[in-house]
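Enquirer: If you scroll down you'll find the structure; I have some questions about it.
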Amino acid sequence: MPQFFAIYGKGGIGKSTIASHISITLQTKGYRVLQIGCDPKHDSTFPLTGKLIPTVVEVLSKYNFHFEKITSEEIIFKGYKRVCAVELGGPPAGVGCGGYVIGEGIRLLSNLDIWNDFDIIIFDVLGDVVCGGFSVPLQYAQYVAIIATDDFDSIYAANRIATAVKEKSKVYPTSLIGIIGNKCTSSKILEKFCKDINTDLISIIGCFEEINLARIRGKTIFELHKEIPTNTYQSISKIFEEIADFFLTFKEVKETAPLSEQEIFTIYREKL
């Protein structure tokens, strides 16, 4: 069976961009990677494929939602460096439950028996873990990484996600392996937060405009490396090498201890 990772974080924090860069880095190391977009916006894999690929929901609708008629070839697409991509999709805004669709979509993938075609599965998940559907990837992912930045809302969301992971770990073999800082001007606050909840700070990604511009074009910096200054490209690619290596080699899963909401407000409102 492959290793399953889930990427969580507050909306707009850069989960999809980071997940796509990690997926490509792992693929170039010789691993067969599948990235699964778990957001009704269905744009997780845009940096991998350069387009909005057909979603599981769209394909299902062609068959009047007869799951047994779908083949893996209709929903799995190859992107840059042959990283495979799936978008679960969801209902239009304000219509239906996106979390329910995500849960059913992941179950469909499981029924198609495609897991063993890959070495690593990365779920890129919408951050609203209040809904049970959005926490379904925690039933599959052995390891969770949270994307955060050095502001209060991001840390508040990260703590809530860490709490959800801890609760799910009572039933499923899932664990938080650490925090990835994104768009950070300093590592100080995230270092403190990781220490407070007893988890690792995997890496810090600074404010690189090149990453944002690549995302807008439906690319990663790897595909646009000829257009990026050499020093900048080397700095960014080194960060993702470090993150990928952490995913592959970490030995210890720490017993995290998320803070109470009162503690988050008391400690971090004063510091930020």
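Read-outs throughout are calculated quantities, based only on the coordinates presented, and are distinct from any laboratory measurement. Computed from a prediction, not measured in an experiment: that's the story for all the values here. Positions of Cβ are generated from backbone atoms using ideal geometry, with glycine treated the same way; all protein chains shown enter the neighbour counts.
Enquirer: With a cut-off of 8 Å between alpha carbons and a minimum separation of six or more residues, what is the relative contact order of the chain in percent?
Expert: So the answer I get is 23 percent.
Enquirer: Which length gain, in nm to one decimal place, applies between Thr266 and Asp245 when the Cα-Cα distance is subtracted from 0.36 nm times their residue separation?
Expert: So the chain would gain 4.0 nm between Thr266 and Asp245.
Enquirer: So, one more: For the range 25-75 and the range 176-239, what is the centre-to-centre distance using only Cα atoms, to the nearest Å?
Expert: One Cα centre to the other: 25 Å.
Enquirer: Fully extended, how many nm does the chain gain between Gln3 and Leu52 (0.36 nm per residue separation, minus their Cα-Cα distance)?
Expert: Using 0.36 nm per residue and subtracting the Cα-Cα distance, I get 15.1 nm.
Enquirer: Which lysines, if any, have their Cα less than 21 Å from the Cα of Lys81, not counting same-chain residues under 8 positions apart?
Expert: Straight-line reach from Lys81, under 21 Å: Lys15, Lys29, Lys51, Lys219, Lys226, Lys238.
Enquirer: Say each of Asn116 and His66 gets a label point 7 Å from the Cα, pointing the same way as Cα to Cβ; how far apart are those two points in nm?
Expert: 2.8 nm
Enquirer: Going by a ≥ b ≥ c, the root eigenvalues of the Cα gyration tensor, does the range 3-271 fall in the rounded group (a/c under 1.5), the prolate group (a/b larger than b/c) or the oblate group?
Expert: Oblate, since a/c reaches 1.5 and b/c is not below a/b.
Enquirer: To check you understand DSSP bridge types, tell me what percent of the beta bridges within the chain (both residues inside) are antiparallel, rounded to 5.
Expert: The antiparallel fraction comes to roughly 5 percent.
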